[in-house]
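One structure is given here, and the rest of the page talks about it.
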Amino acid sequence: MSDRSSTSRRTVLATLLAGAVSVPLLGAAPASSVPGETLELPTPTGPRPVGRRTLHLVDRRRADPWVPTARGRELLVSVSYPARSSGGAPAVYMTEGEARRLLEARGLAGVVPAATVAGTRTHAQVDAPPAPGRFPLVLLSPGFSMPRTTLTSLAEELAARGYVVAAVDHAYESVGTEFPGGRIPSCVACDRVGVDVDEATVVAGRAADLSFVIDELTGRRRAGALASIIDPRRIGIAGHSIGGAAAMATTAADRRVCAGADLDGDFFVRDAGSGLGRRPFMMVGAASTHRPDSPDTDWPVAWNRLHGWKRWLTVTGAEHFSFTDLPWLAGRLGLTDPTVPLSYERGWYITRDYVGAFFDLHLRGVPQPLLQGPTAAHPQVEFHRP
């Protein structure tokens with residue numbers, strides 16, 4: 001990698017960090033004008049009730065890459081899954097402490113009350129009994145500095161369609177993740193990436209984390225009853241931003257992963273795309289930064305190393321966080337960004353439909369015309385075959 005390329009990528013990552021929360025909330029009004037009603041995530045379209053369990057996992061065999069004195073690599077995993085009908089308590093979106101950290105990190109504490117964000121209604125029930133059957137497993141990895149909660153809508157949508165979905169938080173890589181005992185570790189990685197380590201360190205660490213999560217979820221020791229409803233022959237992974245790089249790296253390194261998808265993330269490693277063989281991979285990104293002629297993206301090099309089913313899609317009018325919960329929540333609060341043409345609803349529909357179609361095709365074997373080319377239902381989505 002050239003010095004110029006390395007510098008460019010560090011600049012891109014620093015920009016993403018600086019705007020991680022503020023971008024979707026640009027133009028925010030004072031807190032007094034924020035609507036008082038409870039926020040609610042988009043309703044899943046699948047027919048199944050959704051349950052959720054949170055697992056605290058520690059890989060004792062590995063040192064934490066950010067805090068070597070920690071006792072192993074610590075992860076927090078929200079598992080959403082098809083459930084039997086149950087009148088259980090609704091799962092929380094995030095704790096108030098997590099919401100406060102997320103807002104404070106970008107100077108938004110006076111714009112949106114932490115209680116408003118924390119109180120967002122989800123569509124999952126805590127510890128609901130799992131539905132009978134065996135279902136594909138999909139792992140989700142969030143963007144750098146972002147908590148796993150920013151992918152909750154996608155997790156619930158897939159679970160309602162009949163997937164077990166594990167959204168993973170990595171210790172010391174999030175601005176606000178509350179571990180058992182009320183601990184909210186600082187984002188040590190945020191201070192080190194681009195200073196004394198590069199982005200590839202994050203990608204490699206997450207790939208090892210996600211393989212460990214697969215180990216734990218497919219073994220009864222940790223997952224318990226959840227292990228019995230997971231089909232270990234049908235495993236997929238998707239991620240946003242650097243989580244998308246982790247999705248590709250994990251797919252390359254772990255033969256148990258059948259299919260992977262990247263949502264608007266560069267790959268940051270020299271050999272991105274190598275090792276997938278003929279396993280399918282999909283890249284979906286904002287047209288402003290991830291078209292084939294975009295100057296700083298590393299997608300073209302990775303694309304040429306993919307030899308199986310593959311898609312390169314860009315979304316006109318999207319921005320980096322259009323593929324997460326953040327624009328939806330901001331839009332519901334009336335805090336939309338006038339410089340982002342794509343509405344928060346349209347961003348969610350595109351994410352839901354294309355990610356769902358990808359896994360339905362490759363983990364269920366259900367034909368998906370949506371993935372064959374442009375459609376009038378989503379005119380913002382462009383297919384590229386460079």
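Of the residues making up segment 117-130, those that are surrounded by 19 or more Cβ atoms within 10 Å (Cβ to Cβ) and of a type outside the set (Val, Ile, Thr) are Ala118, His123, Ala124, Gln125, Ala128, Pro130. Residues that are of a type outside the set (A, V, I, L, M, F, W, C) and in contact with a Cys (Cβ under 7 Å, 6 or more places away or on another chain) were ranked within segment 166-212; the one that is surrounded by the fewest Cβ atoms within 10 Å (Cβ to Cβ) is Tyr172.
Checked against (1) farther than 21 Å from Arg73 by Cβ; (2) in contact (Cβ under 8 Å) with a residue 60 or more places away in the chain, Glu96 meets all criteria but (2). Looking at this structure, is Ala245 without any contact (Cβ under 8 Å) to a residue 12 or more places away in the chain and either part of a helix (DSSP H, G or I) or β-branched (Val, Ile, Thr) (or both)? Here the answer is no, as Ala245 does not meet what is asked. Is it fair to say Asp215 is at pLDDT 95 or above, in a helix (DSSP H, G or I), buried (at least 24 other Cβ atoms within 10 Å of the Cβ) and not aliphatic (A, V, I, L, M)? Answer is no for this residue.
Residue-level analysis places Pro386 outside the set of residues that are out of contact with any helix residue (DSSP H, G or I) (no Cβ under 7 Å at 6 or more places or on another chain), surrounded by fewer than 22 Cβ atoms within 10 Å (Cβ to Cβ) and on the phi < 0 side of the Ramachandran plot.
Scanning segment 330-386 for residues that are in a strand (DSSP E or B) and of a type outside the set (A, V, I, L, M, F, W, C) yields Glu382, His384.
This table checks each residue for (1) in contact with a helix residue (DSSP H, G or I) (Cβ under 9 Å, 6 or more places away or on another chain); (2) under 24 Å from Asp360 (Cα atoms); (3) surrounded by 23 or more Cβ atoms within 10 Å (Cβ to Cβ); (4) in contact (Cβ under 8 Å) with a residue 60 or more places away in the chain.
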| position | (1), (2), (3), (4) |
| --- | --- |
| Gly260 | yes, yes, yes, no |
| Gly265 | yes, yes, yes, yes |
| Phe281 | yes, yes, yes, no |
| Gly285 | yes, yes, yes, no |
| Pro292 | yes, no, no, yes |
| Asp296 | yes, no, no, yes |
| Asn304 | no, no, no, no |
| Trp309 | yes, yes, no, no |
| Leu313 | yes, yes, no, yes |
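Touching a Ser or Thr at 6+ places or on another chain (Cβ under 7 Å), closer than 21 Å to Asp59 by Cα, in a helix (DSSP H, G or I) and of a type outside the set (Phe, Trp, Tyr), is that true of Ala204? Against the criterion (touching a Ser or Thr at 6+ places or on another chain (Cβ under 7 Å), closer than 21 Å to Asp59 by Cα, in a helix (DSSP H, G or I) and of a type outside the set (Phe, Trp, Tyr)), Ala204 does not qualify.
The values are calculated or read from the model by the stated rules, or taken from the named source; none is laboratory data. Bear in mind that the values here come from a model prediction, so they are computed numbers and not experimental data. Note that each Cβ is placed from the backbone with ideal geometry, even for glycine, and that neighbours are counted across all protein chains shown.
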